[in-house]
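Have a look at the structure below before the remarks.
The values are calculated or read from the model by the stated rules, or taken from the named source; none is laboratory data. Source: prediction; values computed, not measured. A quick note on method: Cβ atoms are made from the backbone with ideal geometry, for glycine too, and the neighbour counts reach across all protein chains shown.
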């Protein structure tokens, strides 16, 4: 009993007090991001060149399976985290993601790629969700923007680096299997770190609840909470719709842009650079935009970032050479960096500690459903009207979504 009380008293909130675990979780999340980066450059081209898929909608089906699996997993990850603890859910995510690179390497048909991406979606929904929640748990309410900026930096910098490396490796050794050996390393490292070194953060959640008593009911039903986060709370609604559209344009980018650039005569290395620069800029700038949102507020960064994304997508659609696409990709990454950690922080601001993990899981459900919607709509439009059509449409939707966020989100969201 005395040891338990002493352990509880040793728990402190804050980045400095928990920097070792925080840094470890950054490494784990880099492994999580690297698993997605494996597919950013190479997989759409595998569909077109190795499996000779003629329909763009069929090629983007692997993103649809990923997005639906990740969105549904996000929806339950918060409840699992509250019931079983963060660490067990993180480990479960890695166990499910472990076979993904091997399945892609040996896949005899496109169905295997689609199935592998269901597992990848579950992996991301559990593992990335837990790294987000655990960092929020560690730092407490004062530095959420910084914590989430660093978290998303580690994940998306790894996405960008891996997208570049897979393009480089594929240009020398082919589309399979060599690029996916990186995934075997990421999965093994992420699992080992999570099992052996990561500690659960339930005690930090309990401490925050004591220090910042919730005004709401911890026993809020899932149905009531889902409606609150999705619709009835203006700030949470604004965040959910912006998150969905943000990932809608990312899902379109993932499936369509490699094919769009290849159709304009770019080689694998150049496509790899373009597919890497966007998440790399996105990842790096989040170190700035996350803490900046702690100072100047969330709403302006979200609306401005969506507008910048819309401009960048329009520039890609009308561009005709590598330099123009490179500049537009940098702008796309900068706009996404303004939005991504800020939305997570805004949802955390508007959530009570008693249901924050579940609230974030509902937001992430809507956000990552955007992958599936974006890939599906983009694939159909590309088949009907050409590869530029979905880029124009998503540009307009992104601008409109930013306007909704500006109008609906409360000014006093930090």
Hey, residue 146 surrounded by fewer than 24 Cβ atoms within 10 Å (Cβ to Cβ) and touching a helix residue (DSSP H, G or I) at 6+ places or on another chain (Cβ under 7 Å) or not: yes
Residue 137 versus (1) buried (at least 24 other Cβ atoms within 10 Å of the Cβ); (2) more than 17 Å from the chain's Cα centre (by Cα); (3) modelled with pLDDT under 90; (4) farther than 20 Å from residue 85 by Cα: which is the lone unmet condition? (4)
The range 114-125: number of residues that are crowded, with 24+ Cβ neighbours inside 10 Å and farther than 13 Å from residue 72 by Cα: 2
Say whether the condition of being crowded, with 24+ Cβ neighbours inside 10 Å and more than 21 Å from residue 94 (Cα to Cα) is met by at least one residue in the range 167-189. yes
Is there a residue being surrounded by fewer than 24 Cβ atoms within 10 Å (Cβ to Cβ) and farther than 30 Å from residue 173 by Cβ anywhere in the range 263-275? no
Would you mind finding the one in 37, 93 that is within 17 Å of residue 117 (Cα to Cα), under 16 Å from the mean Cα position of the chain (by Cα) and modelled with pLDDT of 95 or more? 93
Hey, among the residues in the range 200-219 that are buried (at least 16 other Cβ atoms within 10 Å of the Cβ) and assigned to a loop (DSSP other than H, G, I, E, B), which one's modelled with the lowest pLDDT? 201
Of the residues 187, 147, only one is over 21 Å from residue 292 (Cβ atoms) and within 20 Å of the chain's Cα centre (by Cα); which? 187
Only one of (1) within 11 Å of residue 29 (Cα to Cα); (2) touching a residue at least 60 places away in the same chain (Cβ under 8 Å) is not met by residue 163, so which one is it? (1)
Filtered residues of the range 374-398 (kept if within 15 Å of residue 250 (Cα to Cα) and surrounded by 24 or more Cβ atoms within 10 Å (Cβ to Cβ)): 374, 375, 378, 379, 390, 391, 394, 398
Here is a check on your reading of the model: is residue 103 at pLDDT 95 or above, out of contact with any strand residue (DSSP E or B) (no Cβ under 9 Å at 6 or more places or on another chain) and surrounded by 24 or more Cβ atoms within 10 Å (Cβ to Cβ)? no
